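Working notes, beginning with the structure itself.
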Amino acid sequence: MRADAVSAGDHVTAVHAVGIGMTPFGRHPDLTLKDLTRVAVAAALADADLEPGDLEAAFFANAVQGHMEGQHNIRGQIALRAMGIGGIPVFNVENACASGSSALALAVQFLRSGAGEVALAIGAEKMWSADKRKTFAAFDAGWDVATAETEKARIREGREGGDRSVFMDIYAAQARAHMERYGTTVRQLATVSSKNHGASVHNPLAQYREPIEVEAVLAARPVVDPFTLPMCSPVSDGAAAIVLGTEAALRRRPGARARAVAIRAVALRSGSDRDPTDLDAHLSRRAADAAYAAAGIGPAEVSVAEVHDATAFAEILQTECLGFC
């Protein structure tokens with residue numbers, strides 16, 4: 001989906017992450033969006049040693065509830081009020097795959113502006129449905145619907161659609177172009193997938209927690225050339241929340257300071273018309289460069305990166321755009 005965000009922090013204005021919370025990700029047919037929101041927000045508040053009444057604003061990120069459930073308006077107000085959070089400004093944020101990062105960026109800006117001292121950013125989605133067509137149709141709104149069918153036919157190049165998001169086709173087309181230009185191999189894609197599945201074994205909140213060897217990734221069911229199933233992200237339900245606070249908030253709440261981490265920079269960029277081979281103009285490169293400049297660091301100083309991997313190829317592309325290689 002044509003939006004992206006990269007976050008690090010700001011060394012000028014002191015805004016801190018003071019609490020985080022997250023649900024297990026996976027298929028949760030018995031949980032509502034309200035349930036997922038409650039779990040993530042309650043965990044973030046507990047981690048911050050704060051109460052719901054301490055929040056002065058909330059930024060609620062969600063991309064598909066309107067499509068999946070018909071809740072097109074006031075999604076955040078409804079989800080948060082169900083857990084007793086009301087009366088504060090609630091801003092609903094939809095920015096496709098960057099919705100959660102965008103909510104974080106807006107929460108940081110809210111605090112930097114002096115409008116408050118404690119803010120919440122929360123992202124929650126219920127995307128899984130027994131009706132696969134309904135789930136995959138949610139992705140069709142991630143580009144210009146006026147030209148969607150024409151673009152879909154062009155990108156698929158006669159390949160059967162099948163049960164998959166059209167974004168698997170978009171990433172597959174990008175991967176094939178990358179392979180042709182740079183010599184990237186299918187085995188390298190499988191290596192990315194195997195590495196990530198290996199990491200998931202140690203994450204109790206991951207949807208799948210079983211290791212997969214490279215050869216098994218290569219031998220798995222094809223989705224669209226060059227991807228097999230383990231190279232493609234699953235459809236998930238889940239939520240994640242972060243509580244942010246200023247220095248003033250931390251001074252008055254000593255318990256919140258114990259785990260506070262300064263936000264050095266947050267940068268948000270959107271896609272633009274460009275030559276597909278001009279990766280220096282890729283929105284992720286532009287967002288990364290802006291974040292590095294604001295934080296006063298470069299990619300060589302980054303120790304840990306959590307990189308978008310809707311497909312195994314996406315991780316390779318984002319790693320390059322982030323300047324790590």
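Read the figures in this text as sums done on the coordinates, not as results from a lab. Just so it is clear, the model here is predicted, and its values are computed rather than measured. So basically every Cβ, Gly included, is an ideal-geometry build from the backbone, and we count neighbours across all protein chains shown.
For the chain, the longest principal axis of the Cα atoms and the long axis of helix 312-321 meet at an angle of about 60 degrees. Taking the longest Cα principal axis of the chain as reference, the axis of helix 166-182 is set at about 70 degrees. Modelled spin labels at Ala305 and Ala293, positioned 7 Å past Cα toward Cβ, are 1.9 nm from each other. Listed values for the range 72-77 are Karplus-derived 3J(HN,Hα) couplings in whole Hz (6.51 cos²θ - 1.76 cosθ + 1.60, θ = phi - 60°), namely 7, 10, 6, 5, x, 4, and x replaces Gly and Pro. With coordinates expressed along the principal axes, the C-alpha atoms belonging to the chain extend over 60, 44, 41 Å, beginning with the largest. Listed values for the range 246-255 are Karplus-derived 3J(HN,Hα) couplings in whole Hz (6.51 cos²θ - 1.76 cosθ + 1.60, θ = phi - 60°), namely 8, 4, 4, 5, 5, 5, 8, 10, x, x, and x replaces Gly and Pro.
From helices alone, the chain scores -11500 deg cm²/dmol at 222 nm; the rule is -39500 (n - 2.57) for each run of n ≥ 4 DSSP H residues, then divide by the residue total. A Cβ-based charge dipole, computed about the Cα centre of the range 38-80 with Lys and Arg at +1 and Asp and Glu at -1, lands at about 300 debye. Helix 186-200 sits at what angle to the longest principal axis of the chain, using alpha carbons and giving 0 to 90 degrees rounded to 10? The answer is roughly 30 degrees.
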